[in-house]
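Just so it is clear, none of the values below were taken in a lab; they were calculated from the coordinates. These numbers were taken from a predicted model, which means no experiment stands behind them. We place every Cβ from the backbone using ideal geometry, glycine too, and count neighbours over all the protein chains shown.
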Amino acid sequence: MDGHTDDTKPCIYIVNDDHVHREEVRLVLSSQFKVKGFDNNNACLDAMLVQKPDLVIVDERMVEDGKGCLFDKRTNPDLKDLPFIIAGKESANQYITGDGSEADTVLLRPFSKNKILIRVSDALSYGVEKKWDELPPQEKSALQSTLSDFQAISKAIEEKRPLDVAGTAESCQPLVESINNQNYQGILKNVQGHHNYTYVHSLRVATYLTMFGHAIGMRGDELLTLATGGMLHDVGKTVTPQDVLNKSSKLDDNEWLCMKQHVDNSSRVYDNTPEITHGIRIIGEQHHEKLDGSGYPKGLKGSELNELARMSVICDIFGALTDKRSYKEAFPPEMAFEILEEMNNQLDQKLVGIFREILEGHGTLKA
Ligand SMILES: [Fe+2]
Ligand SMILES: [Fe+2]
C-alpha cells in the first residue's frame, strides 16, 4: 500500500546526455520521487520554468565551459533557492562554492543506491533547515546543533569510529533548556518535513522522552541522559539500507528482519564507544521490548524492563505513529493514544496515562 500519490512526492529533474548514467540515477529514485530525465540543459530549463522541481541533479559534463542550467541559478531569482546536486568525479567539487549560487552538494562516482538516496535527502532538506533561522534562538539552536551532531554521528559510524557521547550531550543542551522553559513546540513542528527521517524520529523521541522525564520530576543530568539517549536510540539505522527504511509498501519478511537488525547494529556501535552510559544503552537496546515479552531483540518481560525502557517504548511508538512517512500519513495524536492504550499487555499503562496527560496538558496535541 502506497500512501503517496505522484503529486505529493518530491519532484526531481536529472540532466545528463548519457542515457545509461541518467537511467541509473532515475531508477534508484523513482520508487520514492517523481523523476524526469533530460538530455540537454535547455529542455530542463524550459521544464523548470513551467514546473519548478524540488531538486535538480546535473552531471558535471553538462556544465563545462560555464554553460547549463546550473549557472542560471546565479541570475534567475526564481531558481536561486532551488537545490542543485552536481554529479561526477572528484573534479565536480569545484562547483561547490558555498555562496548559494552554484551546486549545493556533490554526488561523487562511484555511485551506490544508498549514496544517491542520502545525498538527495540531504539536498531536499536545505529548504526545511533554512526556515529554522526564523525560530526563537533556543529552538533554532536545538534543531541546528542536534542536526550537525547527527551528521557527525553518521560519519563516525560510517568510519567505524566510537561515538562522541559528550559532544552529543552538549548538542542536546539547547533542547533540554527549551523543555525546561516549555518552548519546544517550534522544535517538534519545524523538524517535520526534513528528509533525514532517522534524524527527525530521533529528535522527536529525544524531545518526548525529555518532556516525559521533566514532568515526572527528573532534572539536570538525568534529563540530558534522556535527550542524548533519544538522539542515539536508533543509531543502528544509519547502516540500514535507505530503500528498506523508506519503503513505501509493506516490508517483506527479509526486509523486516533487516529493519529489526538496527537494534543489534546499535549495540555494536555502543560496544565500540567506551563513553556510552548505562541509561543510553537501555534506551537504545530496549525501546522495542514489550512487557508481555512480544518485543525484540531479546523478548524481555515485565520486571526485566525498568522505567527508562518502559518510557522509551512509549515515546518511540508515539513518535512513529504521529510522523508522516513515505508509506503512511501522520496519525492524529488522539488516534495514536488510542493505539497505545489498546496495547494493554505490552505497555505500562500507568506511564501511558502520564504521557497522555503531559502532552494534552502542554497543548502539544494542537501543534
Ligand atoms: Fe528503533
Ligand atoms: Fe525509534
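A compact table of results
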quantity: Contour excess over end-to-end distance, with Cα ends at THR97 and ASN183 and 0.36 nm allotted per residue; calculated: 27.4 nm
quantity: Nonlocal amide H pairs with GLY37, under 5 Å, H built at 1.01 Å; calculated: ILE14
quantity: Cα→Cβ-extended label distance, 7 Å offset, between GLU64 and SER112, nm; calculated: 2.9
quantity: Dipole axis of the chain (+1 Lys, Arg; -1 Asp, Glu on Cβ), positive-most option in GLN51, CYS258, TRP132; calculated: CYS258
quantity: Once exposed loop trypsin sites (Lys or Arg not before Pro) are cut out (DSSP; at most 16 other Cβ, 10 Å), longest piece of the chain; calculated: 90-159
quantity: Value of [θ]222 nm, deg cm²/dmol, for the chain, DSSP H segments ≥ 4, -39500 (n - 2.57) each, nearest 500; calculated: -16000 deg cm²/dmol
quantity: All lysines inside 18 Å of LYS73 as judged from Cα atoms, apart from same-chain residues fewer than 8 positions distant; calculated: LYS52, LYS130
quantity: Potential extension, HIS19-ALA166 segment - 0.36 nm per residue separation minus Cα distance; calculated: 48.1 nm
quantity: Cross-link reach list, aspartates and glutamates versus LYS350, counting only Cα pairs under 20 Å and skipping chain neighbours closer than eight places; calculated: GLU289, ASP292, GLU304, GLU307, ASP316, GLU334, GLU338, GLU341, GLU342, GLU360
quantity: Of the DSSP H helices in the chain, those whose Cα atoms cover at least 30 Å axially and whose Kyte score averages -0.5 or more; calculated: 137-158
quantity: Among the listed pairs LYS155/LYS301; LYS250/LYS301; LYS247/LYS290; LYS9/LYS155; LYS237/LYS290; LYS36/LYS131, those beyond 30 Å (Cα-Cα); calculated: LYS155/LYS301
quantity: Cα gyration tensor category, rounded, prolate or oblate, for the stretch 11-126 with a/c compared to 1.5; calculated: rounded
quantity: Normalised alpha carbon radius of gyration of the stretch 135-366 [divisor 2.2 N^0.38 Å]; calculated: 0.94
